[in-house]
Amino acid sequence: MHAAPHDAHDDAFDAHAAHDDASYDLLVVGSANADLVIGVERRPAPGETVLGSDLATHPGGKGANQSVAAARLGARTALLARVGDDAHGRLLLDSQRAAGADTVGVLVGGAPTGVALITVDPSGDNSIVVSPGANARLAPEDIRAAGSLLAASRVVSTQLEIPVETVTEVVRTLPQGTRFVLNPSPPAPLPAEVLRACDPLVVNEHEARYILGADASSGAPEDWARALLSLGPRSVVITLGAEGALTATPLNSPVRIPSPRVEAVDTTGAGDAFTAALAWRLGQGDDLPTAAEFAARVGASSVTRQGAQASYPTAKEVAPR
Ligand code: RIB
């Protein structure tokens with residue numbers, strides 16, 4: 001059962017709007033963007049112009065994507081984010097509600113809704129430039145004001161299209177026993193207190209290399225996982241695209257998680273679907289490899305359709321093992 005969606009509020013979180021008995025499987029604190037997508041045969045080199053497909057506008061943003069992905073799978077989900085008072089903001093709110101996610105924590109105003117300019121090539125790979133807009137105005141005080149929402153959530157998941165100080169405030173506000181999941185995308189320097197709270201830290205190869213620097217210049221993902229664990233996270237998941245993922249904890253050897261073979265059409269938002277599914281299943285009591293195996297199937301399903309949120313499967317549509 002989902003909590004009933006509430007109307008968005010003008011620039012203020014209304015703690016009373018959350019049900020007293022509300023309990024969310026997953027609270028996503030993060031970005032919401034309008035994705036402006038153009039298909040291209042190949043990306044332009046510097047100084048070059050190429051022609052592409054008609055422009056498509058989709059609801060996106062790593063936070064909003066995670067929230068929709070989890071809600072479509074059946075998780076009781078809420079989103080804490082900021083959008084502009086504009087058409088893109090309304091597109092994003094509509095998409096959350098259609099998926100069954102609670103928008104009580106979505107703040108409106110302060111700047112235009114974030115925008116992502118996305119090109120997708122024939123192999124389904126994408127390149128993305130984000131203008132953060134309202135996402136950059138999701139402030140630490142917004143997190144403090146949403147204490148009741150955090151307190152009502154089993155797992156809290158964040159990414160880095162909102163300010164790092166805001167993510168740090170999430171960690172500081174997190175009630176005892178609430179699990180914290182971070183996908184540091186796009187990567188940025190992270191305070192030690194944030195790294196120590198991650199359970200897990202979810203990274204792709206690019207993000208792992210950024211965090212580890214020279215330590216990732218050689219070696220296998222198993223070595224990266226051990227190096228990442230030495231920075232403090234309670235657990236680590238490295239996503240490896242079509243190769244699946246790798247899970248690691250301080251007490252167990254790294255475990256490789258396969259991905260089902262699928263025909264990729266558009267990989268946009270596949271990592272967000274993976275992280276959402278992982279975070280939800282961990283909150284439901286799955287161990288890390290079991291949750292990652294399910295998440296890999298959700299991520300694989302999502303690349304078989306165009307767009308980010310539009311591509312996310314329901315529980316019945318998740319790719320088989
Ligand atoms: O991870 C995919 C997302 O990254 C897109 O939806 C885009 O908005 C950017 O945030």
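Could you list, in sequence order, the residues of the range 191-206 that are within 16 Å of Ala248 (Cα to Cα) and surrounded by fewer than 23 Cβ atoms within 10 Å (Cβ to Cβ)?
Of everything in the range 191-206, those that are within 16 Å of Ala248 (Cα to Cα) and surrounded by fewer than 23 Cβ atoms within 10 Å (Cβ to Cβ) turn out to be Leu195, Arg196, Asp199, Asn204, Glu205.
So is Ser157 without any contact (Cβ under 8 Å) to a residue 12 or more places away in the chain and of a type in the set (Ser, Thr, Tyr) or not?
Answer is no for this residue.
Go through the range 67-85 and give me each residue that's part of a loop (DSSP other than H, G, I, E, B) and of a type in the set (Gly, Ala, Ser).
Listed by number, the residues that qualify are Gly74, Ala75, Gly84.
Residues that are within 17 Å of the chain's Cα centre (by Cα), at least 3 per element: which strands (runs of 3 or more DSSP E) completely within the range 213-297 meet that?
Once the strands (runs of 3 or more DSSP E) in the range 213-297 are filtered for at least 3 residues that are within 17 Å of the chain's Cα centre (by Cα), what remains is 236-239.
Looking at Ala242, Ala273, Ala216, which one is farther than 20 Å from Ala71 by Cα and touching a Phe, Trp or Tyr at 6+ places or on another chain (Cβ under 6 Å)?
Unique residue meeting the criteria: Ala216.
For the range 262-300, which residues satisfy the criterion of being in contact (Cβ under 8 Å) with a residue 40 or more places away in the chain and more than 20 Å from Leu182 (Cβ to Cβ)?
Across the range 262-300, the qualifying residues are Val262, Glu263, Ala264, Val265, Asp266, Thr267, Thr268, Ala300.
If you take the residues of the range 298-316 that are more than 15 Å from Val68 (Cα to Cα) and part of a helix (DSSP H, G or I), which of them is farthest from the ligand (Cβ to nearest atom)?
Looking at the filtered set, the residue picked out is Lys316.
Would you point out the residue of the range 167-197, among those that are small (Gly, Ala, Ser) and in a helix (DSSP H, G or I), that is nearest to Asp25 (Cα to Cα)?
The extreme case among them is Ala197.
For (1) in contact with a Pro (Cβ under 7 Å, 6 or more places away or on another chain); (2) free of Cβ contacts under 8 Å to residues at least 40 places away in the same chain; (3) closer than 21 Å to Ala310 by Cβ, each residue gets a yes or a no:
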residue	(1), (2), (3)
Gln96	no, no, yes
Gly100	no, no, yes
Leu107	no, no, no
Thr113	no, no, yes
Ala116	no, no, yes
Asn126	no, no, yes
Val129	no, yes, yes
Asn135	no, no, yes
Glu141	no, yes, no
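Tally time: how many residues in the range 24-55 are touching a Ser or Thr at 6+ places or on another chain (Cβ under 9 Å), within 15 Å of Asp121 (Cα to Cα) and within 16 Å of the ligand (Cβ to nearest atom)?
Within the range 24-55, residues that are touching a Ser or Thr at 6+ places or on another chain (Cβ under 9 Å), within 15 Å of Asp121 (Cα to Cα) and within 16 Å of the ligand (Cβ to nearest atom) number 4.
What are the residue pairs meeting all of these: first residue in the range 174-185, first residue farther than 11 Å from Ser153 by Cβ and modelled with pLDDT of 95 or more, second residue among the acidic types (Asp, Glu) and within 16 Å of the ligand (Cβ to nearest atom), Cβ atoms under 7 Å, and 6 or more apart or on different chains?
Pro184/Glu207; Ser185/Glu207
Which is at pLDDT 95 or above and away from the ligand (no atom under 16 Å from the Cβ), of Ser131, Ser153, Ser95?
Ser153 is the lone residue from the list that is at pLDDT 95 or above and away from the ligand (no atom under 16 Å from the Cβ).
Of the residues Pro250, Pro254, Pro260, only one is away from the ligand (no atom under 16 Å from the Cβ) and touching a strand residue (DSSP E or B) at 6+ places or on another chain (Cβ under 7 Å); which?
Pro254
So, in the range 217-271, how many residues would count as being of a type in the set (Ser, Thr, Tyr), at pLDDT below 95 and surrounded by fewer than 17 Cβ atoms within 10 Å (Cβ to Cβ)?
Here the count works out to 3.
The values are calculated or read from the model by the stated rules, or taken from the named source; none is laboratory data. Computed from a predicted model, the values in this text were never measured in an experiment. FYI the Cβ positions are ideal-geometry reconstructions off the backbone, even for glycines, and counts take in every protein chain you see.
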